[in-house]
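Enquirer: Take a look at the following structure, please.
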Amino acid sequence: MRVQFTEIELEQQRRVKSAFDPEWLLNTAKVFPLQANTPSAGPDDLPRAA
Amino acid sequence: MIALPLPKADVLIRRDAVHAGLRVLLPEGCVITDPTRLKPYETDGLSAYRQMPLAVVLPETTEQVAAVLRFCHENGVRVVPRGAGTSLSGGALPLADAVVIGMMRMNQVIEVNYRDRYAVVRAGVTNLGITGAVEAEGFFYAPDPSSQLACMIGGNIGMNSGGAHCLKYGVTANNVLGVRLVTIEGEILELGGTHLDTAGYDWLGIVIGSEGQLGIATEITVRILRAPEGTRAMLAAFEGNEVAGACVAAIIGSGIIPVALEFMDRPAIHACEAFAHAGYPLDAEAMLIIEVEGSVAEQDWLLGQIKEICAGFNPISLKVSQSAEESAAIWKGRKGAFGAIGRISPDYLCMDGVIPTSTLPMVLRRIGEMSVQYGLQVANIFHAGDGNLHPLIMFDANDPASMHKAEAFGAEILCLCVEVGGCLTGEHGVGVENAI
Ligand SMILES: Cc1cc2nc3c(=O)[nH]c(=O)nc-3n(C[C@H](O)[C@H](O)[C@H](O)COP(=O)(O)OP(=O)(O)OC[C@H]3O[C@@H](n4cnc5c(N)ncnc54)[C@H](O)[C@@H]3O)c2cc1C
């Protein structure tokens, strides 16, 4: 996945996952690289309009 | 080796409480905790990896799925959705602290509507079971993974599976109209409907191919199609992989879309002919199976065009199937290909990259060079028309060095696919195999 996607693209996908499954209980450890296999920081972390 | 996360210690300690909690939610016999009965669920199609789960549950209704998910969510327990467990990327591989939710008991066809050409089925209906339910009326469900006898529509949604005939009809995502999805909180969502497009965001686009990461599909509305008037297959044999690859690129580049366009190299041809007796050309380095469909006049015209293109690539032979039996044998060989390779080498890694068809000759040459460099045999059998490669790398699982080399070889192939503008999974999904 790291070859296919940049860190930013991966992070966007992790946010989609977190929106459906905030605690990452569904099929954990699949799809995303293990180091990135944790919930993303959530809405507070989203870039804000200036 | 692929690393898996550490199990949650607090969940392992609560094992008995989790088992008891699940038993309250489901009927007798739907919760499996006994190690000997858990054993069949410890792996999937990526059988080099195994892990016994905390428990397996076999719900019979959407409401039971919702109850189990709600319970797991409240108790912080991980969940692994599972269809038939044929995933080749480890998508259904259990975790030690996870409850596997097996969908096989939800195997009912709920409604068939021929006038509006859709069928509503539960997630545990097999891929071939859908066609089985409608073929008497002259209909079929188009996506046809080679595992179609076993794999289930829920798993097909997980992986956005394809097959030989997807060149013309599209993959799972192009043939699913609606999904009933249960979220981890136990909420039941209706996505899509019974027609091609719905208002608002395309939720189906996000859910199909999401590998059991966003929710569990329990009921699926699929498009069914009228079966074609007739089909005919032809075999084209070539002197090398590169020239056969160039022929594929030329056929696709000309704008012709055969219903299937499959590639097999020498090791694959020999392995498959040995059991299918399909009349495959044993003197060839590479072979294409090309299938067209429609009325007899349409078939004749298309085959004429295709033969003309093939003739430009110095074919050893071009043979059109003369009967339905002959065509059936041709497909028996192709669809049984992975099993046939299993007879030459008990262990193999099946890679699944996609590349632009115009790069086929170059990529096949590079794979051949890598095979020499790693000292591991490789067989190529794949959906050439879609540019969906399946190099099967043969190795010896009892020898860690050989397995390590096979994984490195596979990773190099996938990097090559990305490098030429393709991607690292065509239809088998990312799973654990390609996550790194
Ligand atoms: C011999 C062989 C040939 C194959 N040929 C092909 C082929 O030609 N084309 C192709 O695309 N694939 C092929 N495959 C791969 C595999 O069969 C497909 O990926 C298939 O769709 C998996 O279905 P399954 O029911 O076995 O699902 P599983 O392997 O049990 O699960 C697959 C994934 O979907 C998730 N999942 C399962 N059910 C649900 C559900 N109800 N809701 C949400 N998520 C769910 C799982 O968590 C997992 O991530 C082949 C496999 C084998 C062994």
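The values are calculated or read from the model by the stated rules, or taken from the named source; none is laboratory data. All values reported here derive from a predicted model rather than from experimental measurement. Note that we place each Cβ from the backbone using ideal geometry, even for glycine, and neighbour counts take in every protein chain shown.
Enquirer: Being of a type in the set (Asp, Glu) and either at positive phi or surrounded by fewer than 19 Cβ atoms within 10 Å (Cβ to Cβ) (or both) narrows it down to one residue among B:Asp396, B:Asp386, B:Asp352; which is it? I'd like the intermediate steps shown before the answer.
Expert: Values: B:Asp386 fails: either at positive phi or surrounded by fewer than 19 Cβ atoms within 10 Å (Cβ to Cβ) (or both); B:Asp352 fails: either at positive phi or surrounded by fewer than 19 Cβ atoms within 10 Å (Cβ to Cβ) (or both).
None of the other options fit; the residue is B:Asp396.
Enquirer: Go through segment B:141-155 and count every residue that is under 19 Å from B:Thr218 (Cβ atoms) and within 6 Å of the ligand (Cβ to nearest atom). Outline the logic, then answer.
Expert: If we filter segment B:141-155 for residues that are under 19 Å from B:Thr218 (Cβ atoms), which is where we start, we get B:141, B:151-155.
With within 6 Å of the ligand (Cβ to nearest atom) added as a condition, the list becomes B:151-152, B:154-155.
Of the residues in segment B:141-155, 4 are under 19 Å from B:Thr218 (Cβ atoms) and within 6 Å of the ligand (Cβ to nearest atom).
Enquirer: Answer yes or no as to whether B:Pro53 is farther than 19 Å from B:Ile153 by Cα, more than 11 Å from every other protein chain (Cβ to nearest Cβ) and not aliphatic (A, V, I, L, M).
Expert: Details: farther than 19 Å from B:Ile153 by Cα: yes; more than 11 Å from every other protein chain (Cβ to nearest Cβ): yes; not aliphatic (A, V, I, L, M): yes.
Yes, satisfied.
Enquirer: Go through B:Glu229, B:Glu185, B:Glu211 for me and flag whichever is of a type in the set (Asp, Glu), within 14 Å of chain A (Cβ to nearest Cβ), in a loop (DSSP other than H, G, I, E, B) and on the phi < 0 side of the Ramachandran plot. Spell out the reasoning first.
Expert: Details: B:Glu229 fails: within 14 Å of chain A (Cβ to nearest Cβ); B:Glu211 fails: on the phi < 0 side of the Ramachandran plot.
Exactly one residue qualifies, and that residue is B:Glu185.
Enquirer: Filter segment B:76-85 down to the residues that are over 22 Å from B:Glu28 (Cα atoms) and either within 11 Å of chain A (Cβ to nearest Cβ) or at pLDDT below 95 (or both) and list them by number. Working first, answer last.
Expert: Our first condition is that a residue be over 22 Å from B:Glu28 (Cα atoms); within segment B:76-85, this holds for B:76, B:78, B:85.
Answer for segment B:76-85, where residues must be over 22 Å from B:Glu28 (Cα atoms) and either within 11 Å of chain A (Cβ to nearest Cβ) or at pLDDT below 95 (or both): B:Gly76, B:Arg78.
Enquirer: Between B:Ala217, B:Ala246, which is farther than 22 Å from B:Gly333 by Cα, touching a helix residue (DSSP H, G or I) at 6+ places or on another chain (Cβ under 9 Å) and assigned to a strand (DSSP E or B)? Let's see the steps before the verdict.
Expert: Values: B:Ala246 fails: assigned to a strand (DSSP E or B).
The conditions single out B:Ala217.
Enquirer: Can you say whether B:Pro346 is under 30 Å from B:Ala435 (Cα atoms) and touching a Gly at 6+ places or on another chain (Cβ under 8 Å), as far as the supplied structure shows?
Expert: no
Enquirer: For segment B:422-433, enumerate the residues that are touching a helix residue (DSSP H, G or I) at 6+ places or on another chain (Cβ under 7 Å), assigned to a loop (DSSP other than H, G, I, E, B) and away from the ligand (no atom under 12 Å from the Cβ).
Expert: Result: B:Leu424, single match.
Enquirer: Is it fair to say B:Leu424 is of a type outside the set (Phe, Trp, Tyr) and either at pLDDT below 95 or in contact with a Leu (Cβ under 6 Å, 6 or more places away or on another chain) (or both)? Let's see the steps before the verdict.
Expert: Numbers: of a type outside the set (Phe, Trp, Tyr): yes; either at pLDDT below 95 or in contact with a Leu (Cβ under 6 Å, 6 or more places away or on another chain) (or both): yes.
Criteria met by B:Leu424.
Enquirer: For segment A:1-21, name all the residues that are touching a Pro at 6+ places or on another chain (Cβ under 6 Å) and either more than 12 Å from chain B (Cβ to nearest Cβ) or at pLDDT 90 or above (or both).
Expert: Once the filter is applied, which keeps residues that are touching a Pro at 6+ places or on another chain (Cβ under 6 Å) and either more than 12 Å from chain B (Cβ to nearest Cβ) or at pLDDT 90 or above (or both), segment A:1-21 yields only A:Ser18.
Enquirer: Can we say B:Val121 is touching a strand residue (DSSP E or B) at 6+ places or on another chain (Cβ under 9 Å), within 12 Å of the ligand (Cβ to nearest atom) and within 12 Å of another protein chain (Cβ to nearest Cβ)?
Expert: On the way: touching a strand residue (DSSP E or B) at 6+ places or on another chain (Cβ under 9 Å): yes; within 12 Å of the ligand (Cβ to nearest atom): yes; within 12 Å of another protein chain (Cβ to nearest Cβ): no.
Criteria not met by B:Val121.
Enquirer: Okay, next question. Could you list all residues from segment B:249-280 that are surrounded by fewer than 21 Cβ atoms within 10 Å (Cβ to Cβ) and over 22 Å from B:Met394 (Cβ atoms)? Show your work before the answer.
Expert: Filtering segment B:249-280 down to residues surrounded by fewer than 21 Cβ atoms within 10 Å (Cβ to Cβ) leaves B:249-250, B:253-257, B:266-267, B:270, B:273-277, B:279.
Listed by number, the residues that qualify are B:Ala249, B:Ala250, B:Gly253, B:Ser254, B:Gly255, B:Ile256, B:Ile257, B:His277, B:Gly279.
Enquirer: Another question, if that's okay. Exactly one of these conditions fails for B:Tyr169: (1) away from the ligand (no atom under 12 Å from the Cβ); (2) over 20 Å from B:Gly429 (Cα atoms); (3) out of contact with any Phe, Trp or Tyr (no Cβ under 9 Å at 6 or more places or on another chain). Give me its number.
Expert: If we test B:Tyr169 against (1) away from the ligand (no atom under 12 Å from the Cβ); (2) over 20 Å from B:Gly429 (Cα atoms); (3) out of contact with any Phe, Trp or Tyr (no Cβ under 9 Å at 6 or more places or on another chain), just (2) comes out false.
Enquirer: Go through B:Gly192, B:Gly205, B:Gly230, B:Gly215 for me and flag whichever is surrounded by fewer than 19 Cβ atoms within 10 Å (Cβ to Cβ) and either of a type in the set (Lys, Arg) or in contact with a strand residue (DSSP E or B) (Cβ under 9 Å, 6 or more places away or on another chain) (or both).
Expert: Working: B:Gly192 fails: surrounded by fewer than 19 Cβ atoms within 10 Å (Cβ to Cβ); B:Gly205 fails: either of a type in the set (Lys, Arg) or in contact with a strand residue (DSSP E or B) (Cβ under 9 Å, 6 or more places away or on another chain) (or both); B:Gly215 fails: surrounded by fewer than 19 Cβ atoms within 10 Å (Cβ to Cβ).
Answer to the check: B:Gly230.
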